[in-house]
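Asks: Below is one structure. I have some questions about it.
The values are calculated or read from the model by the stated rules, or taken from the named source; none is laboratory data. Note that the structure is a prediction, hence the values are computed from the model and not measured. As a convention, Cβ positions derive from the backbone with ideal geometry for all residues, glycine included, and neighbour counts pool all protein chains shown. We work out accessible area using only protein heavy atoms, side chains counted, and drop any ligands, DNA or RNA first. Shrake-Rupley method; radii C 1.70, N 1.55, O 1.52, S 1.80 Å.
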Amino acid sequence: MKKLLFACASLLVMAACTQKPATTGYTISGTAEGTEDGDTVFLCEMQGFFSMVPLDTAIIQDGKFEFKGETEGASLRFLLPIHKGEPTTFAQIILENAEIKAQLVKGEGESKIEGGPNAKLYAEYTEGEKVFNEQMEKPWRASMDSTLTEEERNAAKATVDSLQQLLTDYHKKFITDHVPSALSDMLLAYNIQNYTDEELEELLKLFGEKQPDYPVYKAIMAERAATAATTIGHEYTDFEMPSADGKAMKISDFVGKSPLVLVDFWASWCGPCRAEMPHVLKAYEQYHQQGFEIVGVSLDNNKDAWLKAIDQLKLPWPQMSDLKGWESEGAKKYNVRSIPANVLLDKDGKIVAKDLRGEELAERVGQLLQ
């Protein structure tokens, strides 16, 4: 169970964890102790603490189950067999385009999983972690023991910190030593927060030289490019989406025609966005006649909900959306990870401010229009 808890904790830093597209898919076949023909086995990903999200389903037939599919690579997934509405166990696998065999043992017994090359590499990785985790257990308990003196607890904590640094160094070395591999790409996502800026630059350079097509690396570089492209002083990035009445609309339709244009990212389902709208409306009503324009970019999926919100909130400025939610092309180009979000553009299309909130929006617009 400790091994399982450690694996689950690592999933809090979930990422795409995928590799280069493969020409062949995966097969997961096996048996599940404690199940009967007709029972279900779920292939799941985990989100948060022990929240299983099914990705695919197989039915037990002749005592066996099988999944077939194709993945973009190596990722942590779980097999969850269900008997009479209750899970009999769950087992972690590395999903990759390979033949995977599973013998699932009921309860907390050790299920047997035979995977592909990335699974074998991951087993090596976790085996190396055991040494540090076992050494940390005793001093960690001591550091939390209220019966010990403060000096003893501090000494134990120092030991834990030292071992934790060694574990971090082990993770870094393992990733570097196994570039190129899909597993290194996956582990990069889990360990990126442990790198200094200098270490990360060095590692990304290595990835760029040896495995530039792996998606975690590509996602990081794309995010960096989007961030750089939306810094204050940088020229805006144009994009096109359908307007509320279905016509094609671009940001460039407004830039240069007004002294200031606010590109406002929001959604009908976003409570903080709706709470922020009175401030946006106030700035618009105060400065629109002086040349302040707003273009709303909705991250909605449902057109009816989007149009209803525009009407309810009485938003008079142009609106656009491709109805792709968080996959919105506009949001991607501006690296929008949370909403509300906005960028303020001058008449030349330069970004002059970002993420203005509350009264700050009207104040900044007023200053720039003087």
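Asks: State whether one or more residues within region 206-214 are modelled with pLDDT under 90, aromatic (Phe, Trp, Tyr) and over 14 Å from MET136 (Cα atoms).
Replies: Looking through region 206-214, at least one residue is modelled with pLDDT under 90, aromatic (Phe, Trp, Tyr) and over 14 Å from MET136 (Cα atoms).
Asks: Can you find, within region 151-163, the residue that is farthest from the chain's Cα centre (by Cα) among those that are closer than 29 Å to ALA189 by Cβ and exposed (fewer than 15 other Cβ atoms within 10 Å of the Cβ)?
Replies: Filtering region 151-163 for residues that are closer than 29 Å to ALA189 by Cβ and exposed (fewer than 15 other Cβ atoms within 10 Å of the Cβ), the one farthest from the chain's Cα centre (by Cα) comes out as SER162.
Asks: Let me ask something else about it. Exactly one condition in (1) open to solvent by 20 Å² or more (accessible area, probe 1.4 Å); (2) touching a Ser or Thr at 6+ places or on another chain (Cβ under 8 Å); (3) part of a loop (DSSP other than H, G, I, E, B) is not met by VAL336; state its number.
Replies: It fails just one condition, (1).
Asks: Here is a list: ALA219, ALA158, ALA228. Which entry is of a type outside the set (Lys, Arg) and either more than 29 Å from GLY330 (Cβ to Cβ) or in contact with a strand residue (DSSP E or B) (Cβ under 8 Å, 6 or more places away or on another chain) (or both)?
Replies: Step by step, each of ALA219, ALA158, ALA228 is checked, and only ALA158 is of a type outside the set (Lys, Arg) and either more than 29 Å from GLY330 (Cβ to Cβ) or in contact with a strand residue (DSSP E or B) (Cβ under 8 Å, 6 or more places away or on another chain) (or both).
Asks: Which is over 30 Å from PRO212 (Cβ atoms) and in a loop (DSSP other than H, G, I, E, B), of THR24, THR57, THR35, THR71?
Replies: Answer to the selection: THR35.
Asks: Something else about it: With the requirement that a residue be open to solvent by 80 Å² or more (accessible area, probe 1.4 Å) and part of a loop (DSSP other than H, G, I, E, B), what does region 270-312 give you?
Replies: Correct list: ASN301, ASN302.
Asks: Still on this structure, please answer the following. Looking at region 172-208, which of its residues are closer than 16 Å to GLU124 by Cα, open to solvent by 20 Å² or more (accessible area, probe 1.4 Å) and assigned to a helix (DSSP H, G or I)?
Replies: LYS172, LYS173, THR176, ASP177
Asks: Please enumerate the residues belonging to region 101-150 that are within 26 Å of the chain's Cα centre (by Cα) and not in a helix (DSSP H, G or I).
Replies: Residues satisfying the conditions are GLY115, GLY116.
Asks: Something else: Within region 339-370, can you find the residues that are hydrophobic (A, V, I, L, M, F, W, C) and open to solvent by 40 Å² or more (accessible area, probe 1.4 Å)?
Replies: LEU368
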